[in-house]
Amino acid sequence: MTRAAAPSVRGTTRRHLGYLAAAVVFAIGMAGTTLPTPLYGIYREELGFSELMVTVIFASYAIGVIATLLLVGNHSDVVGRRPVLWTALGMAAASALCFLFEGGLPLLFAGRLFSGFSAGLLSGAATVTVLELAPPERKSRAGFAATAANMGGLGCGPLLAGFLAEYAPEPLVLPFLVHLGLVAVACVIVALLPETVEHRRLRARPSPPGLYVPPEVRAVFTPAALAAFAGFALLGLFTAVAPSFVAQTLDITNHAVSGVIVFSVFLASTFGQSWTARLPVRVALPLGCFVLVVGLLLVGASLWVETLPLLVAGAVCGGAGQGLAFRAGLTAVGDAAPPAHRAATVSSFFVVAYAGISLPVVGVGALTMWLGLDTAGLVFTGCVTLLAATTGLYLARVLNQPGQRS
């Protein structure tokens, strides 16, 4: 009996290690999507393009993510997790190569698109892999590991690039070489991970899940998606525009400082998402919106008085609110959707969120051409604050009515 029990213990240990290893792969892949953030100022000086072009280059990433979610968002269910993870890492490597051999705007756009493709594939396949490799008693920790890998990886990209650009040679080369090395490590890890899809069809054609929100879900979906839109708009502002504000308005040209500021937003988002499990959705969702409003007001104040501490405070508070509202909204939408349409409903939710990370930021870039960076930022924070506050008030009223889900 003792001999028969041993393989079960070893198998459990391997699966426990597997979900943590899958989280490492997830983080490495996501780090590449934000790696160029502290470097946009250098590219701008080198190539001579405007702040609007910076935001358009950044927004092309969201186009890649949305296209991937719409076309192959559920493909790992058919061909298996590992092939999709390898493909995502290959896209991440292609993005790094585009930036390494950058000779103008075309390769910058291509690099951002490849980043979007990589993130779109990882968002579904890597999250599910982390959850599937966790033993039953670790499911809750695995959920947080996936969240931390996603947002933590997004935060580590600017942190890594910022410090390398500031304190190491070749600021436009070394960050991408380091990431290529990390991607190679991640590929080896994927090869060692067990495949969790038993019945695979490796040559199956993608079956686009499409966008669909069932009528009975729309009352919850619309405000939850608007909250996600507002939160991702804040993330987009920090990822695309904050380094320019730090350099041009605050006259802080240290790339590491820009990297730390962007990192703080995603770190706070990770903690915000971890708090969701401790609160009912009817509390967490409007509360996240209101915390996001406070963060946006702090960001607006930092633009008005031109001070770094307020910007950092806004990053931390806004990131926490974004994380709290986003995960609560995703939970509410997933619970409300009927099983037959759950995947399509969740995909629609992510599409709205990623639209939020791109469209408002491009608007800021366009306004910068006429109003200047500070005033454009104030207009942005005012509009998103109004959206988040209105959404939070509506959710507080609707979700606390008798008969609503808790």
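The values are calculated or read from the model by the stated rules, or taken from the named source; none is laboratory data. In this text the structure is predicted, and so the values were computed from the model without any measurement. In this analysis, Cβ positions are derived from the backbone assuming ideal geometry, glycine residues included, and neighbour counts consider all displayed protein chains.
Brief remarks follow.
- Scan of region 306-348 for residues that are out of contact with any helix residue (DSSP H, G or I) (no Cβ under 9 Å at 6 or more places or on another chain) and crowded, with 18+ Cβ neighbours inside 10 Å, ordered by number: ALA344
- Residues that are in the same structural domain as PRO309 (by TED's automatic domain parsing) and modelled with pLDDT of 90 or more number at least 1 in the following helices (runs of 4 or more DSSP H) confined to region 200-285: 218-240, 255-276.
- Residues within region 153-174 that are under 18 Å from PHE26 (Cα atoms) and over 18 Å from the mean Cα position of the chain (by Cα), tallied: 0
- The condition of being at pLDDT 80 or above, farther than 29 Å from ASP77 by Cα, aliphatic (A, V, I, L, M) and over 18 Å from the mean Cα position of the chain (by Cα) holds for only one of ALA336, ALA332, ALA389, ALA315, that being ALA389.
- Filtering region 112-136 to residues that are buried (at least 22 other Cβ atoms within 10 Å of the Cβ), touching a residue at least 60 places away in the same chain (Cβ under 8 Å) and among the aliphatic types (A, V, I, L, M) leaves ALA119, LEU122, ALA126, VAL130, LEU133, ALA134.
- Evaluation of ASN400 against (1) closer than 28 Å to ASP335 by Cβ; (2) within 23 Å of the chain's Cα centre (by Cα); (3) at pLDDT below 90 (one fails), failing number: (2)
- Odd one out for GLY181, checked against (1) at pLDDT below 95; (2) out of contact with any Phe, Trp or Tyr (no Cβ under 8 Å at 6 or more places or on another chain); (3) outside any loop (DSSP other than H, G, I, E, B); (4) surrounded by fewer than 19 Cβ atoms within 10 Å (Cβ to Cβ): (1)
- Enumeration of residues in region 46-61 that are of a type outside the set (Phe, Trp, Tyr) and not in a helix (DSSP H, G or I): GLY48, SER50
- Qualifying position, being closer than 30 Å to ARG278 by Cα, in contact (Cβ under 8 Å) with a residue 40 or more places away in the chain and in a loop (DSSP other than H, G, I, E, B), among THR147, THR196: THR196
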